[in-house]
Amino acid sequence: MADYVRADEVAIAPEIPEPLPATVSSDRGESLLRRHIDEFLKSPGAVAGLTVLIALALIAVFAPAIAPQNPYDLSKLDIMDNVLKPGERLGSGITAFLGTDDQGRDMLSAIIYGLRISLAVGAISVVIACAIGASVGVLAAYAGGRVESVVMRIVDLQLSFPAILVALVLLAVFGRGVDKVVIALVIVQWAYYARTVRGSALVEKRREYIEAARCLALPKSRVVFRHLLPNCLPPLIVVATVQVAHAIALESTLSFLGVGVPVTEPSLGMLIAHGYNYLLSGKYWISTFPGVALVIAIVAINLVGDRLRDVLNPRLAR
Amino acid sequence: MLVYLIRRLGQSLLVIAVMATLVFVAMFAVGDPVDILASPDADQRERDAIAKRLGLDRPLWEQFGLFVWRALHGDLGRSFVYNVPAVDVILQRLPATLELALTGLVFSIAIGIPLGVLAGLKPYSRLGRGIMSGSILGFSLPNFWIGLMLILLFAVELRLLPAGGRGPVVSVLGIPTAAFSLEGLKHLILPALTLALYKSALVIRIAQAGTREVMLQDYIRFARAKGLSRQRIIFVHVLKNIMIPVVTVLGLELGSMIAFAVVTETVFAYPGMGKLLIDSINRLDRPVIVAYLMMTVVIFVIINLIVDLLYAAIDPRVRLAEAKG
């Protein structure tokens, strides 16, 4: 039995993303991770993006402590404060640095709470879609044959329709709701991950360590999820990072179109939609500032994702 | 090739059939249209009469059978709201959307090619890197918000362009169009620009990669050795060669532009098919939603079919692999 465990660990040993022959060292796992981190930190843009992203995430998590006002608490809102310009003072003495909306809600507070919903919807939908898509992709690649071709047909079919249209129809059917938006985003996204993972799994499948694991008569599920899948992760991490930005943009678009999150839980897209009616009369702040927050989040995620692509894919031309 | 064609055609028909079933069943989960159509104080008898008139009182499978039978005869039902065939409602809006999509295509080429070539000629310069980073933004920024900011800048602050709607429509060769008057063009600029943003980013990337590749070719070196001017090399030799992938990709993307128009048309209150879809979803006008989706499915299936057939015609390995499997 003890022999088995050791043999298994030998098989796990190559579970290191993209082993580079030139830089093999004694403690490969540690040094590779550190090298990736060092490499990542070399790009000032990526570091800035990561810093902004962490800051936004913290703001979102601690929204109730940071926001000057609770924008959902109707008793705190005063209709007399409606559509104030940025910098004016609310009746309650708070300065509305970014103005107020038509219900007298401080825009800064609304954006902080909206960021919470937008980031949460983006991150949760990506995690679920990634788990489903990666499992489907790796299983399809390992199974091969008819199973693989049927699964990949479905993936191709789904990817041939634009995500925005599929999500729009799904939400028209499901109705509004944060949970429903997440489900719709998972449905439109899983296929990306399935395709990405399948692509790398097809290559990894033929490597010796998989053969070794199979020779040890390890259960299939163990070979697939403990040996094959971890080695397909680097491209998946890159796709998933960038996809968080796409999911956030998609959610805001759906909410803008009126099929996304409910009015009671306004995401950034919903806030922008609110301001749409006031835009034409020159009251720019209601739509502009939530959009700026959205852009900052998306750009930060893209900077990080771009750098991850360079770091995790040393073979790409740099 | 014939075997491949038949197989591929069969697959396309299967996809359309599956999508038709999905769309039809899904639409039955979308609210009760009687609620919208009946007046709030209508009693049960009036409501039943409306349901009967629309055929909503029959069992689902019977409605589906009738839907398939009629769809095969080119009839996708009557709009609950307009009380005219749903296909007519959509076709009436089609020219506006096509006008928008085509103008968007022109814009994306006009923006994408020069920037892409510029970035491709000097990929490591500050300008080249800047353009490529900008193109990432074009991919990922929320389109609708950019549209709103364009309205804010050009319509509200500068008062140069109208904020929304479509200009006066005149009939040219039997096609109603707004693209032949100054007013109509003015209405077209902002929505088309918004729609073009995403595709411009795509064109920039293709043009940049193409230019980098072409610049290394022997014929460019030869043209240089011959003493041709830089302008002539870029405008004739480079441009001609990068246009092939650009045109291919944009042709493929026409379908997704029509889908994307849903967002742009809503932002600019532009009376096209996309706005119609959103309105129909809000008014629970099932036949129009179903007809729109079916038409879109057919368009996408046809585009995919053409692409696959072209690939198979060019690359024999594709059709050999398919014919076996």
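The values are calculated or read from the model by the stated rules, or taken from the named source; none is laboratory data. Owing to the predicted nature of the structure, the values given are computational and were not obtained by experimental measurement. FYI the Cβ positions are ideal-geometry reconstructions off the backbone, even for glycines, and counts take in every protein chain you see. Quick note on the areas: whole protein, heavy atoms, side chains included, nothing else; ligands and nucleic acids left out. Shrake-Rupley method; radii C 1.70, N 1.55, O 1.52, S 1.80 Å.
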Identify, please: which residue in segment A:214-256 is in contact with a Phe, Trp or Tyr (Cβ under 8 Å, 6 or more places away or on another chain) and within 14 Å of chain B (Cβ to nearest Cβ) and is, among those, nearest to residue B:195 (Cα to Cα)? A:253
If only one of A:149, A:160, A:118 is closer than 30 Å to residue A:100 by Cα and among the hydroxyl-bearing types (Ser, Thr, Tyr), which one is it? A:118
Please indicate, with yes or no, whether at least one residue in segment B:131-138 is under 27 Å from residue B:91 (Cα atoms), touching a helix residue (DSSP H, G or I) at 6+ places or on another chain (Cβ under 9 Å), buried (at least 18 other Cβ atoms within 10 Å of the Cβ) and of a type in the set (S, T, N, Q). no
Can you name the number of the only condition in (1) out of contact with any helix residue (DSSP H, G or I) (no Cβ under 8 Å at 6 or more places or on another chain); (2) at the interface with another protein chain (Cβ under 8 Å from one of its Cβ atoms) that residue B:259 fails? (1)
Mind checking which residues of segment B:269-289 are open to solvent by less than 10 Å² (accessible area, probe 1.4 Å), in a helix (DSSP H, G or I) and touching a residue at least 60 places away in the same chain (Cβ under 8 Å)? B:273, B:274, B:276, B:280, B:288, B:289
Under the condition of being of a type in the set (Phe, Trp, Tyr) and within 14 Å of another protein chain (Cβ to nearest Cβ), which residue from segment B:92-145 is nearest to residue B:275 (Cα to Cα)? B:144
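The rows are residues; the columns are (1) crowded, with 24+ Cβ neighbours inside 10 Å; (2) closer than 30 Å to residue A:52 by Cβ; (3) among the aliphatic types (A, V, I, L, M).
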site: A:123; (1), (2), (3): no, yes, yes
site: A:132; (1), (2), (3): no, yes, yes
site: A:138; (1), (2), (3): yes, no, yes
site: A:149; (1), (2), (3): no, no, no
site: A:154; (1), (2), (3): no, no, yes
site: A:158; (1), (2), (3): no, no, no
site: A:162; (1), (2), (3): no, yes, no
site: A:199; (1), (2), (3): no, no, no
Can you tell me which residue in segment A:177-186 is farthest from the chain's Cα centre (by Cα), limited to those that are open to solvent by 60 Å² or more (accessible area, probe 1.4 Å) and either at the interface with chain B (Cβ under 8 Å from one of its Cβ atoms) or not acidic (Asp, Glu) (or both)? A:180
Any hit, segment A:284-295, residues being within 9 Å of another protein chain (Cβ to nearest Cβ), of a type in the set (S, T, N, Q), out of contact with any Cys (no Cβ under 7 Å at 6 or more places or on another chain) and not in a helix (DSSP H, G or I): no
Anything in segment A:126-176 that is touching a residue at least 60 places away in the same chain (Cβ under 8 Å), within 20 Å of the chain's Cα centre (by Cα) and at the interface with chain B (Cβ under 8 Å from one of its Cβ atoms)? List them, or say none. A:164, A:168
For segment A:221-243, does any single residue satisfy the condition of being without any contact (Cβ under 8 Å) to a residue 24 or more places away in the chain and surrounded by fewer than 21 Cβ atoms within 10 Å (Cβ to Cβ)? yes
Do we have residue B:181 as at negative phi, in contact with a strand residue (DSSP E or B) (Cβ under 7 Å, 6 or more places away or on another chain) and surrounded by fewer than 18 Cβ atoms within 10 Å (Cβ to Cβ) here? yes
Step by step: first the residues of segment A:259-275, then only those that are touching a Gly at 6+ places or on another chain (Cβ under 9 Å) and either more than 14 Å from chain B (Cβ to nearest Cβ) or basic (Lys, Arg) (or both), then the one that is farthest from residue A:117 (Cα to Cα). Which residue is that? A:262
Are any of the residues in segment B:290-310 over 26 Å from residue B:77 (Cβ atoms) and either outside any helix (DSSP H, G or I) or more than 14 Å from chain A (Cβ to nearest Cβ) (or both)? yes
